[in-house]
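Values quoted throughout were computed directly from the atomic coordinates according to the rules given, and no laboratory measurement underlies them. Predicted, not measured: the structure shown is a model, and the values here were computed from it. Here Cβ is always computed from backbone atoms with ideal geometry, including for glycine, and neighbour counts include all displayed protein chains.
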């Protein structure tokens, strides 16, 4: 491992074994969601149609797995970003991990389905998260509006539209708000050929200095002082 920066991340983030209290609290919430038979209407932005699904089914199929959610928490806990943006709230499990590392951070999350977001908002309130700002609507419309009022994006988690064109569009928009210490994380980079193509295009962007591919997610850094490199890690 030639990069001291990546070596430090592996040692202090990827391989860290501390059991943070937030792990227990959020996983209790995940367990409740996984056993909730309440049905809510899920809107499909592509067709405009809505269909009913059990919260338990959404939790089991849509929520980021525990070890990856906790990795996001450790990344934030180690790198200390102050303004965090999440594209794709779902039921809010990942959002809580993103917001928990620093109660003084600003965690902004966008979700397209109001009924899903209402479940997440209830959980944010019940668990006393005061640093989460949640917005409902089409990301294509909301993102440009929100970015106008954000000076700098320190951490972005892309977990919404898993198609090539929208992913690259969101990346380019958010890129305008980055600085040297910004971190972008892309979910499901091998979910489809389109997502893999988007990921390859992102890591070849001249602004990207370091990328880390852990298969389930891809992480990129922009610091010009970092030695250029693309790394694949088993996690």
Cα-based Rg and Dmax for the range 75-194, in Å, come out at 13.6, 40
With only alpha-carbon atoms counted, please give the Rg and Dmax of the range 100-149, in Å.
11.6, 30
Mean 1/r over all different Cα pairs, inverted: what Kirkwood radius does the range 137-196 give, in Å?
12.1 Å
Relative to the present Cα-Cα distance, how much length would full extension add between residue 149 and residue 66 at 0.36 nm per residue of separation?
26.7 nm
Normalised by the residues of the chain, what does the relative contact order come to in percent, with Cα pairs under 8 Å and at least six apart?
13 percent
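Could you tell me the calculated FRET efficiency between residue 118 and residue 24, based on Cβ-Cβ distance and R0 = 30 angstrom, to the nearest 0.05? If you can, show how the numbers build up before the last one.
Details: r = 25 Å, r/R0 = 0.84.
So the FRET efficiency works out to roughly 0.75.
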Highest GNM mean-square fluctuation, the chain, Cα pairs closer than 10 Å: which of 178, 109, 38?
38
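Once the piece of chain linking residue 234 and residue 103 is laid out straight, how much longer is it, given 0.36 nm per residue of separation minus the C-alpha distance between them? Don't skip to the end; give the middle numbers.
Working: separation 131, 0.36 × 131 = 47.16 nm, distance 3.07 nm.
Separation in residues times 0.36 nm, less the Cα-Cα distance, equals 44.1 nm.
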Would you look at the GNM of the chain, springs on alpha carbons closer than 10 Å, and say which of 159, 179, 187 moves the most?
179
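Would you mind getting me the FRET efficiency between residue 16 and residue 133? Use the beta-carbon distance for r and R0 = 30 Å, nearest 0.05. Before the final figure, lay out each step's value.
On the way: r = 28 Å, r/R0 = 0.94.
Once the sixth-power term is evaluated, E becomes 0.60.
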With the Cα gyration tensor of the range 4-87 in hand, convert its eigenvalues to equivalent ellipsoid semi-axes via √(5λ) and list them largest first in whole Å.
32, 17, 10
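Once the piece of chain linking residue 172 and residue 216 is laid out straight, how much longer is it, given 0.36 nm per residue of separation minus the C-alpha distance between them?
Working: separation 44, 0.36 × 44 = 15.84 nm, distance 2.16 nm.
Difference between extended and current length: 13.7 nm.
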Per principal axis, descending, Cα span of the chain in whole Å:
50, 39, 33
Using only Cα atoms, find the angle between the long axis of helix 164-175 and the longest principal axis of the chain, and express it within 0 to 90 degrees, rounded to the nearest 10.
70 degrees
Residue of 66, 172, 225 that the Gaussian network model of the chain assigns the largest fluctuation, springs spanning Cα pairs under 10 Å
225
